[in-house]
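Quick note: the coordinates plus some simple rules give every number you see, no bench work behind them. Being a predicted model, the structure only gives us computed values, none of them experimental. With ideal geometry, Cβ positions are generated from the backbone for all residues, glycine too; neighbour counts draw on all protein chains shown.
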Amino acid sequence: MNNAYNFAFFDEGSKREIRRATLKAIAIPGYQVPFASREMPIGRGWGTGGLQLTLSLIGKEDVLKVIDQGSDESVNAVSIKKLVKDTTGVQITDHTSQATIIQSRHRIPEVPLRTDQILVLQVPLPEPLRYFEPSEHETKKLHAEKEYSGAWLMLFEQIMKYGSMTTGADHPVMVHGRYVMAPSPIPRFDNPKMDENEALILLGAGREKKIYAVPPYTRIVSLDFEDYPFEGESFHGKCCRLCGSEGVFLDELIDEATGETFYQCNDTSYCCEILNEAEKAGVN
Amino acid sequence: MKLDVVHDLQSVYRKLVDSTSRPGLISDLGKEAALLDGENPAGCSRSILLLALTLLDPEVTFKVYGGDAEAFEKEINQLTFAKAVQADKADYLILLKDAGAGSLEHAIEMADPGTFINPHKSATIIAETGIITEGNKLLLSGPGIQTSTGINIELAGNWIEKRNEKNKEYPTGVDLVFVDRNHQLLSLPRTTQITESREVEKEWVM
Ligand SMILES: [Zn+2]
């Protein structure tokens, strides 16, 4: 631990401001609370919103996991872990079940979260209505009036164009029957995991200076139409080449030698855990 | 003060996060409160002081009800540099244990509920109440609660009715944080629905 820094990098005033915004966000699920986002010693667009949440939450007893698109070892995840470890000395883990705080970009882990865990999601674009409304003043008004016909129209146009809802990641959700929210660029596969989750989910957008939250046991509904119901990415009939898992989010890869397509768990620490368990079972 | 303003207030904050994201989950501030032994500015409880130190600074305003409110406001201002203002302008309304009957109802009525555009610009009421325990007199439901949960709280008056009135136009509303003399903390964000259970009365009649 580097003692030249404040504990958890920030001065106490910065933490207090983020903490007050976070408590308001928890009290108004899905509503984007503005906060005075700080400059961070990592590049913009590298999860400064999530990092600020993590630093405002973390204490000496916490165990932190950081994942970037399913990987604990990406440059982004490693630099965030280093900054937090250098300024707090907390324990770092790859195991979802051992972490008390999990900061993630683009994924919700495959291992179900528990009541004693907090998931922090990094958000590049917090405003789900920005796609058709460039003005912040106007989008705030639309949220205030619960005027979401534009959000549905946007999805409807995609159906007209492509014959299905090909929103890819960041498919908008309705929170507690009140706010339309960007779940961050998680795949549609992960959207249902937000619904009635046991863990508190906090979302932070550094560049856009917004914090929002999904408390545990909160109703989250992905926007859809009766004729075109919401569907996550399907991996039906496919499994991970390494660990054999089905029903998880898989990356499609191509074997360069044979040209064959194969699949692998996107959540690499989950994949390792399954492999290790299988190995142990094999030894016994 | 033996209190470590970095680590002990982080711990208070996390308990506040736990209790606010899971209304009905009672957090114990006893460990942190014990570190304030001897500190007792203007007769305020140590849990109230902990919450003030966790949340207040020059960027926010507050108002105190009860006891020697003026002396306590001066004390809190010196500790946190937050500014004391009138009730309807305050970010935090703090009710001490000897605040008179009707003070909580008054605070709820006066508190800023925010606007539809900016519901986060609403006030938070922090009050010292009678004993808070798990129980079945008040049933809570809403975000953070799996189906429903129950609590008992020694707190007279028609504050529930006043709160319902104040919070009827969600997302505007006020959030409540209660602490008792045993440093038990209960948080009731605006999304929590409170139902008064009639069970106790029924038993009595039978
Ligand atoms: Zn696998």
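Structural remarks
- Beta bridges from DSSP with both residues in chain A: antiparallel share about 55 percent, rounded to the nearest 5.
- Anisotropy class of the range B:98-185 from Cα gyration tensor, a/c 1.5 cut: oblate
- Equivalent ellipsoid semi-axes, chain B, via Cα gyration tensor eigenvalues times 5, rooted, Å: 26, 20, 17
- Dipole magnitude (debye, nearest 20) for the range B:21-128, charges at Cβ of Lys, Arg, Asp, Glu: 240
- Label positions at A:Thr261 and B:Asn164, each projected 7 Å from the Cα along the C-beta direction, are separated by 5.8 nm.
- Förster-model FRET efficiency, 30 Å R0, A:Glu279 and A:Glu233, C-beta, rounded to 0.05: 0.55
- Total formal charge among the other residues, if their Cβ is under 11 angstrom from that of A:Ser56, Lys/Arg +1 and Asp/Glu -1: +4
- Take each peptide in A:72-79, A:19-26, A:131-138, B:61-68, count the other Cβ atoms within 10 Å of every residue, and average; sorted highest first, the result is A:19-26, B:61-68, A:72-79, A:131-138.
- In this simple spin-label approximation, A:His137 and A:Lys82 carry label points 7 Å from Cα along the Cα→Cβ vector, and these lie 4.4 nm apart.
- Here the protein assembly as shown carries DSSP beta bridges of which approximately 55% are antiparallel, counting only pairs with both residues inside.
- Shape of the range A:68-208, Cα gyration tensor, a/c cut at 1.5: prolate
- Along its three principal directions, the equivalent ellipsoid of chain A from the Cα gyration tensor extends over semi-axes of 29, 28, 16 Å, largest first.
- Relative contact order, percent, the range A:87-223 [alpha-carbon distance under 8 Å, six or more residues apart]: 28
- Translational D in µm²/s for the protein assembly as shown (Stokes-Einstein at 37 °C, 0.692 mPa s, Kirkwood Rh from C-alpha pairs): 137
- Whole-Å semi-axes of the range A:1-154's equivalent ellipsoid (Cα gyration tensor): 29, 18, 15
- The range A:140-218: relative contact order in percent, alpha carbon pairs under 8 Å with at least 6 residues between: 20
- Built amide H within the under 5 Å cut-off of B:Ser45, gap 5+: B:Lys97
- Assigned charges on the beta-carbon of Lys, Arg, Asp, Glu; chain B dipole about Cα centre (debye): 380
- Taking the helices alone, chain A has a mean residue ellipticity at 222 nm of -9000 deg cm²/dmol, built from -39,500 (n - 2.57) per DSSP H run of at least 4 residues and averaged over all its residues.
- Hull shadow area, averaged, the range A:234-284 [alpha-carbon convex hull, nm²]: 4.1
- Neighbour net charge for B:Asp18 - beta-carbon separation under 12 angstrom, K R +1, D E -1: +1
- Between the range A:59-104 and the range B:137-186, the C-alpha centres lie 35 angstrom from each other.
- Dividing the helix sum by the residues of chain B, where each DSSP H run of 4 or more adds -39500 (n - 2.57), gives a mean residue ellipticity at 222 nm of -9000 deg cm²/dmol.
- A:Asp224-A:Ala169 FRET efficiency (beta carbon distance; Förster radius 25 Å; 0.05 resolution): 0.95
- Working from Cα pairs under 8 Å separated by at least six residues, relative contact order for chain A is 21 percent.
- Rounded, prolate or oblate (a/c below 1.5 giving rounded, otherwise prolate when a/b exceeds b/c) for the range A:1-41 by Cα gyration tensor: prolate
- Computed from Cα positions, the angle between helix B:46-55 and the longest principal axis of chain B comes to roughly 80 degrees.
- Each DSSP beta bridge with both residues in the range B:7-205 is either parallel or antiparallel, and the antiparallel ones are about 50%.
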